[in-house]
Each structure stands twice: as structure tokens, then as C-alpha cells.
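Since every read-out is calculated from the coordinates, none of them should be taken as a lab result. All of these numbers come straight from a predicted model, not from anything done at the bench. With ideal geometry, Cβ positions are generated from the backbone for all residues, glycine too; neighbour counts draw on all protein chains shown.
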Amino acid sequence: MLLDSLMNLIPELNKAFLETLYMVAISLSVAIIAGLPLGILLFVTDRGLFLENTTVKSILGFVVNMIRSIPFVILLVGLLPLTKLITGTTIGPTAASVSLSVAAIPFFARIVETSLREIDKGVIEAAVAVGATPWMIIKDVLLPEARPGIVHGITITTISLVVYSAMAGIVGGGGIGDLAIRFGYYRYDDTVMITTIVILICLVQIIQFAGDRIARLVDKR
Amino acid sequence: MIEVKNLVKVYSTKKNKVIGVDNVSLTIKNGEIFGIVGYSGAGKSTLLRCLNLLERPTSGQVIIDGVDLTTLNKKELRQARLKIGMIFQHFHLVSSKTVFENVAFALKAAKKSKDEIEKRVNELLEMVGLSDKRDAYPSQLSGGQKQRVGIARALANEPTVLLCDEATSALDPSTTKSILALLKKINRELGITIVLITHEMEVVKDICDRIAVMQDGKVIELGTVYDIFTNPKEELTKSFINSVLQFDLPDHLLKKRTGTIVKIQFKGEIAEEAIVSDMLQTFKVKGNILHGKIEYIQDMPLGIFVMELTGDPDEIQRAIDYISLRTNGLEVIASAA
């Protein structure tokens with residue numbers, strides 16, 4: 001009986017799993033591509049650093065905080081016009097990826113900023129004293145020194161995206177989390193709910209484990 | 001040549017202003033090792049950091065080899081910094097890069113080609129004695145080795161000036177010696193002007209040509225190391241020198257003594273003359289040496305003796321006058337009761 005219902009669930013689960021991967025992959029890529037430079041900018045424009053710029057710093061900081069303070073469900077719905085503009089549709093996993101990306105960019109940017117802040121200021125100063133350009137300092141000092149922290153940041157962002165993507169069901173995004181909500185929460189189908197939750201737990205464990213391993217590999221300190 | 005003119009650095013916070021460097025002017029000659037000493041908070045670190053504009057002075061000029069750094073734009077300043085090496089107390093190496101990459105970074109900043117970088121880094125590592133650590137990461141090195149990497153990085157672009165920010169303060173005494181010897185070698189062989197700040201008078205005594213003593217952001221005394229050591233004028237300078245040349249006698253020893261205790265200082269050639277024995281033969285006093293030491297500062301002797309003189313008070317006074325005339329200083333520490 002249990003096995004039967006699980007077997008019936010497999011095609012549905014399979015689809016949901018792929019949807020989750022799809023949404024997480026897209027939004028994670030966007031988060032890294034946009035969030036990394038944003039995080040670096042937030043850091044290097046800070047007081048006492050080599051590209052100190054109070055105006056840029058406060059504007060960026062304000063925008064980042066603003067996006068981060070909006071509850072994700074509201075962001076998901078509120079960004080529908082933007083989603084329509086970018087993807088041409090407002091439903092499905094691609095559409096959900098837009099809001100996920102928008103939420104992930106500032107999240108990841110703050111993590112990058114924090115890992116850069118961990119770097120000994122003296123090391124940055126030594127690079128300035130050597131006569132290096134800002135670009136060289138970013139590329140050859142900041143990024144290598146913050147690499148373990150940034151890898152941890154990617155891990156945390158990925159896991160958050162897996163969790164946030166559960167809400168993508170609201171715009172028909174699908175995904176495992178959505179499956180859990182639709183079957184488990186609305187229909188009281190415990191089998192589906194428990195199965196999906198187990199899958200989510202495994203997924204998060206694997207991501208965390210892989211992330212930790214990679215972080216250790218890139219850590220030369 | 002480094003010329004500092006009317007340099008002022010003020011740190012403004014909302015509540016108050018803190019003066020880091022208070023109107024300092026000084027000239028550091030080409031090829032000399034110039035020491036700046038003072039307690040922490042005296043402004044010596046700020047002054048040093050103004051020399052390559054890591055700290056931008058509030059007012060005043062920093063002129064290195066005829067170029068006023070304060071007038072340069074960002075790009076010109078980067079170019080100027082290529083020729084001003086700097087090493088730090090805590091080394092400040094990039095921990096995720098190998099020894100080779102850390103030194104190569106400085107050459108990359110000068111836009112050198114890959115081949116040039118390869119060749120020059122090997123040369124530099126050879127010079128600082130770290131050829132075998134080329135591919136090691138900083139975490140695998142000892143403090144002294146890290147500082148050698150720092151020195152190699154600082155010298156990569158053949159600078160004319162090397163700034164040392166408490167470069168030996170985090171090292172043990174024997175490593176300090178070897179780093180100082182390396183700095184001296186660099187100074188002698190490459191003719192690089194070295195400006196160092198330290199709170200350790202040992203360091204100054206070992207390698208500096210001239211020193212400036214700083215207090216509350218001002219230079220209160222400046223001169224050659226030998227002159228400052230043999231004839232300090234300010235209280236602070238004296239206390240610094242005492243930290244190296246400890247001639248203080250234990251209190252219990254002073255209390256037990258009945259005669260007149262004098263401290264005699266000899267400088268240069270007279271340190272080698274037999275003034276004390278002449279005095280003892282000329283006057284009817286007995287001399288008992290309690291403490292004595294000859295220090296060599298910049299290869300010139302500085303002798304200091306503490307003696308107890310006993311005998312007729314008038315004879316003692318005459319003996320004291322005799323010695324005062326013939327030496328560079330006599331100080332009566334305790335008179336006979």
C-alpha cells in the first residue's frame with residue numbers, strides 16, 4: 001500500500017526534483033554573477049579602504065537592505081511585472097527563478113562582504129603600499145583570501161534557495177517543496193509530505209557536505 | 001632623500017580631534033638608516049605611514065627624491081610606491097598565496113613580464129635566503145621567514161627607500177638579530193635608505209645611523225645614534241637609553257655603601273686611556289668599581305663605570321674634579337653622609 005503510493009509518486013517527484021534543481025541552478029548562478037561584484041563593491045567602498053566612497057556605499061547598502069527586508073512571498077508576487085518583462089511569462093519555474101534571483105543577489109552579496117571583512121586589513125594595506133591597482137588587489141588579494149568564506153557563502157545561499165523555492169508553487173514554479181505543500185499540507189497526504197521532506201533533508205545535507213569539503217580544499221591558510 | 005616638511009596629521013572624530021603628528025619637519029639622507037623611536041601613541045607609526053601616504057597628511061609635504069607625494073594623482077602615487085618598499089610587524093603576507101606568488105605580486109604591480117618576474121623572484125628569494133621555501137605557504141613559515149618574504153616583496157621593484165614598521169617587534173631576539181643583519185646588508189650593498197620605527201632601543205643601537213625621538217606627535221630630539229646615546233638631552237630619551245644601558249645599581253647595594261658613588265662616562269678614544277688609575281695614584285682616595293660596561297655603538301666605544309670613592313672628603317672632591325675635566329661626564333649618585 002505504502003510502496004504503491006510511493007511508486008505512483010515517482011514521476012511527480014522526479015519532475016519536482018528537476019524543477020527544484022532548475023530554479024536553484026538559475027538563481028544561484030545569477031546570485032554569484034551579480035552578488036559577488038556587489039559584495040566586493042560594498043566592501044571596497046567602505047571607510048578607510050582603497051575605493052572609499054560613502055555615496056556608493058550608502059546607496060548600495062540601502063538597496064540591499066530594502067530587498068532583504070521584503071518577505072519572499074511578497075517579493076515573488078510583487079516582481080511579477082518584472083518577471084513578465086524578462087521571461088515573457090508569470091508562471092512556471094523560469095518565472096519563479098526571477099524572484100529567487102532577486103532575493104538571492106543581496107543575500108549572497110552580504111555574505112561576500114562579510115567574508116571580505118574577515119581579511120586582515122594589514123594584508124590589504126601591504127598590497128596598497130606595494131603600488132598595486134584596485135583591480136589587482138581585488139583579484140590577487142581579496143578573492144583568494146576570502147575564498148573559503150565565499151564557498152561557505154555559496155553553500156548557505158544554495159540551501160536558502162532550496163528552501164525558498166518551496167514557495168515557488170505560488171506562481172506555479174513547482175519543485176519539491178511545492179509538492180510537499182500541495183500534497184502534504186493541503187491534502188493531508190502524509191506519505192508525500194514525509195517523502196518530500198526526507199528528500200529535502202538529504203539534499204540539504206549533501207549540499208552542506210560538498211560545500212564544506214570544497215571550502216577546506218581551497219583554504220590554504 | 002626624504003624631506004618631511006611641516007607634516008601634520010589630525011584624526012577627527014565627531015567629538016574631538018586627536019593629533020597624530022604635530023608639525024614634524026625632518027630630512028633623511030640617501031643611504032642612511034634612520035630610526036624613529038617613541039612609546040606607542042607617540043605618532044611614530046603615523047609619521048612612517050605618511051611617508052608612503054598610506055595615511056594622507058592633514059597638511060605638510062612629503063618629498064621623496066624631489067617629488068612631493070602629496071601632489072600626485074592616484075596613478076602617479078602607485079608608480080611612486082613601487083619605489084618605496086615597506087615591511088610590517090605582522091608581515092601581512094597573502095595567506096592563500098605561496099612565497100613565490102607573494103613576491104611576484106609586487107612585480108605584477110609594476111607590470112613586469114612573466115619571465116622577468118620568474119627571474120627576479122628567484123633572485124630575491126636567494127638574497128633573503130629562502131630559495132627552498134619558494135612553494136611554501138606563509139602558514140608553513142616561521143616568523144623570521146615570513147619577515148624575509150616581506151623583505152623580498154618590499155625590495156622587488158628595486159626601491160630607493162625601505163620603510164620598516166616595527167619590523168622586528170614580533171620576533172624573538174635571535175631572529176631579530178638576523179633580520180637586522182639582513183637589513184644592514186641591504187642598506188650597505190644596495191644603498192637603500194631605510195626608515196624604521198621601533199620601541200626597542202637595541203634595534204636602534206645595532207643598526208641606525210641617526211634617530212629621532214618622538215613624543216606626543218613631535219620630534220623632541222634628533223641626532224646621530226652615538227651622540228644621542230652618549231649625550232641625551234630629554235628625559236624621555238634618557239629613559240629609552242637606560243633601557244639598553246642599564247647602569248642602575250640595586251637599592252640594597254647603594255644603601256650599604258658609605259663612600260661617594262659616582263658614575264663616569266667615557267666616549268671614543270678616551271675610553272681606552274688610564275684616567276681612573278691616574279686618578280687613584282694622584283689622590284688619596286680608594287676606588288671600588290661597583291659596575292662597569294663598555295658598549296660599542298656604531299663601532300665607537302662608550303664606557304660607563306660606577307665607582308665608590310672613599311677617603312678624605314676634600315680629596316674625593318678633588319678626584320671628582322680631576323675626572324670631570326678628563327671624561328665626558330661624571331654624575332654623583334650618592335655622597336658620603
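Can you pull out the trypsin sites (Lys or Arg not before Pro) in region A:1-82 whose DSSP state is coil and whose Cβ has at most 12 other Cβ atoms within 10 Å? Before the final figure, lay out each step's value.
Details: sites: A:15, A:47, A:57, A:68; in loops: A:47.
Answer by residue number: A:47.
Rg and Dmax of the protein assembly as shown, both derived from C-alpha coordinates alone, stand at 34.4, 122 Å. Around the amide H of residue B:291, modelled in the peptide plane, lie the amide H atoms of B:306, all under 5 Å away and 5 or more residues distant in sequence or on another chain. Dividing the convex hull volume of the alpha-carbon atoms in region B:226-337 by its residue count gives 102 Å³ per residue. Working note: Cα gyration tensor of chain B, eigenvalues times five, square-rooted, sorted largest first, giving semi-axes of 46, 23, 17 Å.
Averaged over the residues of B:89-95, the number of partner chain Cβ atoms lying within 10 Å of the residue Cβ comes to 6. Under Stokes-Einstein, with the Kirkwood radius over Cα pairs as Rh, the value for region B:66-199 at 20 °C and 1.002 mPa s is 142 µm²/s.
Coupling constants for region B:279-286 follow from the phi torsions by the Karplus curve (6.51 cos²θ - 1.76 cosθ + 1.60, θ = phi - 60°), and in residue order they are 4, 5, 7, 6, 10, 8, 10, 9 Hz; glycine and proline get x. Over the Cα atoms of region B:119-195, each weighted equally, I'd like the Debye log10 I(q)/I(0) at q = 0.15, 0.22, 0.23, 0.26 Å⁻¹, rounded to two decimals. Each listed q corresponds, in turn, to -0.49, -1.07, -1.17, -1.43. Taken about its Cα centre, the protein assembly as shown carries a charge dipole of roughly 1340 debye when the Cβ of each Lys and Arg holds +1 and the Cβ of each Asp and Glu holds -1. From the residues A:106, A:43, A:72, which one has its Cα farthest along the dipole of region A:1-113 in the positive direction, the dipole being from +1 and -1 charges on Cβ of Lys/Arg and Asp/Glu about the Cα centre? Farthest towards the positive end: A:43. Extension gain, residue A:212-residue A:8: 0.36 nm per intervening residue step, less the Cα-Cα distance, totals 69.9 nm. Normalised by 2.2 N^0.38 Å, with N the number of residues, the alpha-carbon radius of gyration of region A:64-135 equals 1.64.
Compared with the dominant Cα axis of chain B, that is its longest principal axis, helix B:114-127 is turned about 20°. Working note: 222 nm ellipticity from helices only, DSSP H runs with n ≥ 4, each -39,500 (n - 2.57), summed and divided by the residues of chain B, gives -11000 deg cm²/dmol to the nearest 500.
Can you sort B:267, B:114 from fewest to most other Cβ atoms within 10 Å of each residue's own Cβ? The partial results should precede the final answer.
Numbers: B:267 20, B:114 10.
In order of increasing Cβ crowding within 10 Å: B:114, B:267.
For region B:135-279, averaging the sequence separation of C-alpha pairs within contact (under 8 Å, six or more residues apart) and dividing by the residue count gives a relative contact order of 15 percent. This ranking places A:202, B:50 by how few other beta-carbon atoms lie within 10 Å of each, fewest first, which gives A:202, B:50. Amide H to amide H distances under 5 Å link residue B:221 with B:213, where only residues 5 or more positions off or on other chains count and H is placed in the peptide plane. From helices alone, chain A scores -25500 deg cm²/dmol at 222 nm; the rule is -39500 (n - 2.57) for each run of n ≥ 4 DSSP H residues, then divide by the residue total. Converting phi to 3J(HN,Hα) with the Karplus coefficients 6.51, -1.76 and 1.60 and the offset θ = phi - 60°, region B:15-32 yields 7, 8, 10, 10, 8, x, 10, 10, 6, 9, 10, 7, 10, 10, 7, 4, x, 9 Hz in sequence order, with x at every glycine or proline. Ranked for footprinting exposure by Cβ neighbours inside 10 Å, fewest first, B:296, A:164 give B:296, A:164.
Using a cutoff of 8 angstrom between alpha carbon atoms and counting only pairs six or more residues apart, the relative contact order for chain B works out to 18 percent.
Here are some pairs, B:218/B:267; A:220/B:133; B:15/B:218; B:75/B:111; B:119/B:184; which of them have Cα atoms lying more than 19 Å apart in this structure? Don't skip to the end; give the middle numbers.
Working: B:218/B:267 29 Å; A:220/B:133 15 Å; B:15/B:218 23 Å; B:75/B:111 13 Å; B:119/B:184 24 Å.
Over 19 Å apart, Cα to Cα: B:218/B:267; B:15/B:218; B:119/B:184.
Helix A:190-218 and the long axis of chain A differ in direction by around 20°, with both axes built from C-alpha atoms.
Just to confirm the filter: which chymotrypsin sites (Phe, Trp or Tyr not before Pro) across region A:185-220 are DSSP coil and have at most 11 other Cβ within 10 angstrom of their Cβ? Please list the in-between numbers first.
On the way: sites: A:185, A:186, A:188, A:209; in loops: A:188.
Counting only loop positions with at most 11 other Cβ atoms within 10 Å, the chymotrypsin sites (Phe, Trp or Tyr not before Pro) in region A:185-220 are A:188.
Relative to the longest principal axis of the Cα atoms of chain B, the long axis of helix B:173-190 makes an angle of roughly 70 degrees.
Applied to region B:197-208, the Karplus parametrisation 6.51 cos²θ - 1.76 cosθ + 1.60 on θ = phi - 60° returns per-residue 3J(HN,Hα) values of 10, 6, 10, 9, 5, 3, 4, 4, 4, 6, 10, 7 Hz, with x for Gly and Pro. Cross-link check: pairs B:256/B:293; B:17/B:108; B:83/B:185; B:233/B:256 evaluated at a Cα-Cα cut-off of 29 Å; pairs beyond the cut-off: B:17/B:108; B:233/B:256.
For residue B:284 and residue B:254, what is the calculated FRET efficiency with R₀ set at 25 Å and r taken between the beta-carbons, to the nearest 0.05? Don't jump to the answer; show the numbers that get you there.
Values: r = 24 Å, r/R0 = 0.96.
Calculated value: 0.55.
Using a simple spin-label model with pseudo-atoms 7 Å out from Cα toward Cβ, residue B:325 and residue B:72 lie 5.9 nm apart. Each part reduced to its alpha carbon centroid, region B:137-169 and region A:168-221 end up 49 Å apart. Pop the C-beta distance of residue A:85 and residue B:295 into the FRET formula with R0 = 60 Å and round what comes out to the nearest 0.05. Calculated value: 0.15. Distance from the C-alpha centroid of region B:313-330 to that of region B:48-70: 50 Å, rounded to the whole angstrom.
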